[in-house]
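Written out below as structure tokens is the structure these notes cover.
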Amino acid sequence: MAIQNTLKALADPIRREILAMLKNGRMSAGDIADKFTVTDASISRHLSVLKEADLIRDSREGKFIFYSLNTSVLEDIMFWITNLKGDSEDDVYKE
């Protein structure tokens, strides 16, 4: 189920853009929302989906919530996709 949640989270272009923004470092929810023309409530929902998929982490500092990338889940997905692709002739299905 975890991979299903991750792929669902990655399917949305706004969520992918949020992840791309976070690769440069942590950001507050407000700073993330400022980059989009959708409502704050919509961004909050996108952040929740990303968090549920464990793609991001949050931390509260005073009245601000900061989000950062959880690269370990992305590495797991990349490993899974690489294994599907197969990197050598030994990985190719033979009849």
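The values are calculated or read from the model by the stated rules, or taken from the named source; none is laboratory data. The structure presented is a predicted model; accordingly, all values stated were derived computationally and were not measured. Heads up, the Cβs are rebuilt from the backbone with ideal geometry, glycines too, and the neighbour counts pull from every protein chain shown. What goes into the accessible areas is simple: the full protein's heavy atoms, side chains included, and nothing from ligands, DNA or RNA. Shrake-Rupley method; radii C 1.70, N 1.55, O 1.52, S 1.80 Å.
Considering only protein heavy atoms and a probe of 1.4 Å, how much of the accessible area of the chain is carbon and sulfur, as a whole percent?
Carbon-and-sulfur percentage of accessible area, whole number: 52.
Starting from the Cα-Cα distance between Ala11 and Arg26, subtract it from 0.36 nm times their residue separation and give me the gain in nm to one decimal.
Once the chain is fully extended between Ala11 and Arg26, it gains 3.2 nm.
Measure of size requested: the Rg and Dmax of the chain, with Cα atoms as the atom set and Å as the unit; please supply both.
16.2, 61
Take the Cα radius of gyration of segment 43-86 and divide it by 2.2 N^0.38 Å, with N its residue count; two decimals is plenty.
Cα-based Rg divided by the globular estimate yields 1.46.
Leaving ligands and nucleic acids out of the surface, order Lys63, Lys8 by accessible area at 1.4 Å, largest first.
Lys63, Lys8
Using a 1.4 Å probe, what is the accessible area per residue for the chain, in Å²?
Per residue, the chain has an accessible area of 72 Å².
So how strong a dipole does the chain carry about its Cα centre when Lys and Arg Cβ are +1 and Asp and Glu Cβ are -1, to the nearest 20 debye?
That gives the chain a dipole magnitude of about 540 debye.
Once the Cα atoms of helix 40-52 and of the chain are each reduced to a long axis, what angle between those two axes, in degrees from 0 to 90 to the nearest 10, is obtained?
40 degrees
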